[in-house]
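Report on one structure; see the data block that follows.
Derivation of every value follows stated rules applied to the coordinates shown; laboratory data play no part. Owing to the predicted nature of the structure, the values given are computational and were not obtained by experimental measurement. Quick reminder, even Gly has a Cβ in these numbers, built from the backbone with ideal geometry, and neighbours come from all protein chains shown.
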Amino acid sequence: MTRMELSSPAFRGRDRLPPRCARAGDNISPPLTWAGVPREASELALMCEGPDAPSGDGLLLWLVTGIDPRRTGLAAGNGDPGSHVHRNSFGEAGWGGPDASDGEPRPYVFRLYALPAPVSIPHDVSPDAAHTVLEEQSVDRCELVALY
């Protein structure tokens, strides 16, 4: 079985997220590409979180569900037509870039989930609740870590 892979032309795994993706920059999502989506996937979900947020709670930067499994990526600042964009931890729908105000680099984890059926997640969801639903229902997942 081919495993899914997630990458970005803007950064390598464990490298710095481009400044334009941060809240202090242009606050746009980075371009992402993926491969190896299993045939049984009827939709994809993409989540980005900062698990080491200074508050101690996970920070949900981005959650998009209902992505067409035939897609092979998303361009910078773009979602997928027909997908469902959820509210991030900043109370905004869509991408909410990191804001590492203390200057310490923190990890931000992008996860792509392959789901066998449409998933139902509330518009305002915590990172933990989203994890629970997506982990339980996914047939495969992959991740990419950036620092900021």
Measure of size requested: the Rg and Dmax of segment 5-147, with Cα atoms as the atom set and Å as the unit; please supply both. 14.0, 43
Mind checking which of D68, D102, D52 has the largest fluctuation in a GNM of the chain, springs on alpha carbons under 10 Å? D102
Add +1 for every Lys or Arg and -1 for every Asp or Glu among the other residues with Cβ under 14 Å from the Cβ of P105, and state the total. -2
Top mean-square fluctuation among V119, V37, V64, Gaussian network model of the chain, C-alpha springs under 10 Å? V119
10 Å beta-carbon shell around A146, net charge (K/R +1, D/E -1): +3
Tilt of helix 127-137 relative to the longest C-alpha principal axis of the chain, in degrees (0 to 90, nearest 10)? 20 degrees
Taking the dipole about the Cα centre of segment 5-147, with the C-beta of Lys and Arg at +1 and of Asp and Glu at -1, give me whichever of P69, I121, V139 is farthest to the positive side. P69
Nearest-0.05 FRET efficiency for E104 and V139, computed from C-beta distance (R0 41 Å): 0.70
Between E92, E40, E136, find the one with the highest GNM mean-square fluctuation for the chain; connect C-alpha pairs within less than 10 Å. E136
The chain: calculated mean residue ellipticity at 222 nm from DSSP helix runs of at least 4, using -39500 (n - 2.57): -2000 deg cm²/dmol
About the Cα centre, charge dipole magnitude for the chain (Lys/Arg +1, Asp/Glu -1 at Cβ), debye: 500 debye
In a shell of Cβ-Cβ distance under 13 Å around S83, excluding S83 itself, what net charge do Lys and Arg (+1) and Asp and Glu (-1) give? -1
Long-range HN-HN contacts of V125 with modeled amide H, under 5 Å: R87
